[in-house]
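Written below as structure tokens is the structure these notes are about.
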Amino acid sequence: MRNLKWIQGIIVVGVSAGMLGAMSVSASANSQYSAARSNSVRLVWRKSMKQHAYTATQGARYSKHLGVRYSNNDVTPTVTWYTDAHEKLYKKYQGHSTIYYHIKSADGTLQGWIWRGYLKKLNATKNVTTNATIPATGKTADYDALAKTAILNMGGGAKPDPQTMQMAKSILNKILTSHVHFLTQAEAYPDNSAAVNDNDVVLGDVTADNLNTASEKYMFNLLKSYGIDGAGYGAKKADSSFLMLNKMNANDTLHTYFDPSSDFYGQQGLTRKNFFVQAKIGVAMAKGTDGRTAMFAMFRYPAKYAKLVAD
């Protein structure tokens with residue numbers, strides 16, 4: 001279902017080292033570098049500014065000279081952004097200047113530059129504190145609340161399904177108490193120099209015809225014991241991911257692995273606003289014995305989702 005699972009083997013290390021491994025610069029699934037975009041602007045000035053609160057649902061978030069696009073703003077619609085600087089860029093080929101604000105999320109894990117025309121100012125009294133950040137206490141109740149918040153922040157009508165939430169929690173507990181070794185990114189991609197010191201674990205969908213490691217076989221059989229016969233759509237299928245990360249932002253993690261392709265909108269009566277309404281979603285989180293944060297997430301879709309086609 002998700003729009004990057006089919007190329008996960010290629011980019012998962014980049015995701016881990018960026019958004020999941022160093023949250024000061026979010027490298028979301030749609031992150032990209034463009035030399036042409038960077039060279040199309042010239043910095044006029046860059047200054048600090050007072051803090052103001054905004055949200056953004058249009059446009060994108062960039063590095064300071066627009067070279068790197070961190071993420072489209074429609075995947076973080078509920079994040080409250082706080083300003084601390086602004087810059088004026090001259091667009092060489094259009095012959096005019098524009099203003100970008102430097103913004104950060106409340107927990108500091110996301111940042112970047114957004115054109116001010118895409119920012120919608122929040123009233124000082126409006127309470128929009130929905131950033132899903134790791135609780136300092138490590139208590140189960142706190143992680144449960146965090147997981148539920150992250151699901152709601154997916155948008156598209158996403159909501160926790162009680163039965164699937166309990167299933168996800170039970171599955172995560174069995175994973176963490178098992179003696180199965182889950183490959184780290186360094187072990188999974190030994191030829192990638194970017195992953196040499198990366199001990200994050202990322203295991204996505206497992207299917208019967210692609211069980212190459214002990215952890216994949218274990219996960220497939222574990223899900224089967226809960227009536228989930230691998231990845232896919234329908235009552236006995238689910239999209240799932242298990243992650244064990246040094247740093248985690250629950251909002252970004254779910255967006256990265258479960259955001260639908262925009263190609264799906266308009267098919268089977270699905271839109272950006274209702275895409276997850278019929279999905280049964282369960283997310284569980286916990287702190288591992290080594291201090292890393294663990295997450296198991298599963299999205300169970302009706303059989304009709306199998307008819308969706310991405311270009």
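The values are calculated or read from the model by the stated rules, or taken from the named source; none is laboratory data. Model, not experiment: these values are computed from the prediction. Neighbour counts run over all protein chains shown; Cβ positions are idealised from the backbone, glycine included. Heavy atoms of the whole protein, side chains included, go into the accessibility calculation; ligands, DNA and RNA do not. Shrake-Rupley method; radii C 1.70, N 1.55, O 1.52, S 1.80 Å.
Mind checking whether some residue in the range 212-228 is in a helix (DSSP H, G or I), open to solvent by 30 Å² or more (accessible area, probe 1.4 Å), touching a residue at least 12 places away in the same chain (Cβ under 8 Å) and in contact with a helix residue (DSSP H, G or I) (Cβ under 9 Å, 6 or more places away or on another chain)?
Looking through the range 212-228, at least one residue is in a helix (DSSP H, G or I), open to solvent by 30 Å² or more (accessible area, probe 1.4 Å), touching a residue at least 12 places away in the same chain (Cβ under 8 Å) and in contact with a helix residue (DSSP H, G or I) (Cβ under 9 Å, 6 or more places away or on another chain).
Please specify each residue of the range 188-212 satisfying the condition of being under 22 Å from Leu172 (Cβ atoms), out of contact with any strand residue (DSSP E or B) (no Cβ under 6 Å at 6 or more places or on another chain) and of a type in the set (Val, Ile, Thr).
Val206, Thr207
Going through the range 103-122 one residue at a time, which ones are crowded, with 16+ Cβ neighbours inside 10 Å and closer than 21 Å to Lys247 by Cβ?
Those that are crowded, with 16+ Cβ neighbours inside 10 Å and closer than 21 Å to Lys247 by Cβ: Ile103, Lys104, Ser105, Ala106, Thr109, Leu110, Gln111, Gly112.
Any chance the range 168-182 includes a residue that's within 30 Å of Leu110 (Cβ to Cβ), modelled with pLDDT of 90 or more, over 20 Å from the mean Cα position of the chain (by Cα) and open to solvent by 80 Å² or more (accessible area, probe 1.4 Å)?
Yes, that holds for at least one residue.
For the range 255-267, which residues satisfy the criterion of being surrounded by 14 or more Cβ atoms within 10 Å (Cβ to Cβ) and not in a helix (DSSP H, G or I)?
Residues satisfying the conditions are Asp259, Pro260, Ser261, Tyr265, Gln267.
Among the numbered conditions (1) assigned to a helix (DSSP H, G or I); (2) acidic (Asp, Glu); (3) surrounded by fewer than 21 Cβ atoms within 10 Å (Cβ to Cβ), tell me where Asp209 comes up short.
For Asp209, the failing item is (1).
Tell me the residue from Tyr226, Tyr301 that is hydroxyl-bearing (Ser, Thr, Tyr) and under 27 Å from Thr57 (Cα atoms), please.
Tyr301
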